[in-house]
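Participant: Okay, handing you the structure first.
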Amino acid sequence: MLVAQKGDAMPRQRSIVSTDKAPAAVGPYSQAVRIGDLVYTAGQIPLDPSTGTLVSGPIEAQTRQVLKNISTVLDAANSGLDRVVKMTVFMTDLGQFQHMNAVYAEFFPSGPPARSAVEVSALPLGADIEMEAVAVCG
């Protein structure tokens, strides 16, 4: 599908990003969509891609799996965590924010992206955390 941007001389190609190294979509959506130099990931929950099951346990373990999943999807888009410009974090309990944040800091040790964090009443498959990213690619 071609998408014209205002002021563009030529339309930009929209492409679907997919990898079997990250959890498969659990609904009618793509793991990520790339347009131009940006990639937009779908929300990732703490699914283990090798088993398709939700990682249980403390928020630290769940956060680590979510960020690994996002990293894998970004790699498939010719990007990476070091190129993320915006992250959104959804949690069912913001009381766990400090614990999530400690793991998050391991993945973004310097120059972290802009970020929003919101508490939600529920997430897919009963997950406690979900994250999505926007990153530069190429």
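Participant: Considering only region 18-37, state which residues are in contact with a strand residue (DSSP E or B) (Cβ under 7 Å, 6 or more places away or on another chain) and buried (at least 18 other Cβ atoms within 10 Å of the Cβ).
Facilitator: Hits for region 18-37 are PRO23, GLN31, ALA32, ARG34.
Participant: Regarding region 46-63, can at least one residue be identified that is under 13 Å from the mean Cα position of the chain (by Cα), over 14 Å from ASP128 (Cα atoms), surrounded by 14 or more Cβ atoms within 10 Å (Cβ to Cβ) and of a type in the set (S, T, N, Q)?
Facilitator: No.
Participant: Something else about it: Is it the case, given these coordinates, that ALA22 is part of a loop (DSSP other than H, G, I, E, B), at pLDDT 95 or above and either under 14 Å from the mean Cα position of the chain (by Cα) or more than 22 Å from PHE108 (Cα to Cα) (or both)? Let's see the steps before the verdict.
Facilitator: Numbers: part of a loop (DSSP other than H, G, I, E, B): yes; at pLDDT 95 or above: yes; either under 14 Å from the mean Cα position of the chain (by Cα) or more than 22 Å from PHE108 (Cα to Cα) (or both): yes.
It is true that ALA22 is part of a loop (DSSP other than H, G, I, E, B), at pLDDT 95 or above and either under 14 Å from the mean Cα position of the chain (by Cα) or more than 22 Å from PHE108 (Cα to Cα) (or both).
Participant: Suppose we filter region 32-59 for residues that are among the polar types (S, T, N, Q) and either outside any strand (DSSP E or B) or within 13 Å of ASP20 (Cα to Cα) (or both); how many remain?
Facilitator: Counting residues in region 32-59 that are among the polar types (S, T, N, Q) and either outside any strand (DSSP E or B) or within 13 Å of ASP20 (Cα to Cα) (or both) gives 4.
The values are calculated or read from the model by the stated rules, or taken from the named source; none is laboratory data. Predicted model only: the values in this text are computed from it and were never measured. When we count neighbours, we look across all protein chains shown, and the Cβ atoms used for this are built from the backbone with ideal geometry, even at glycine.
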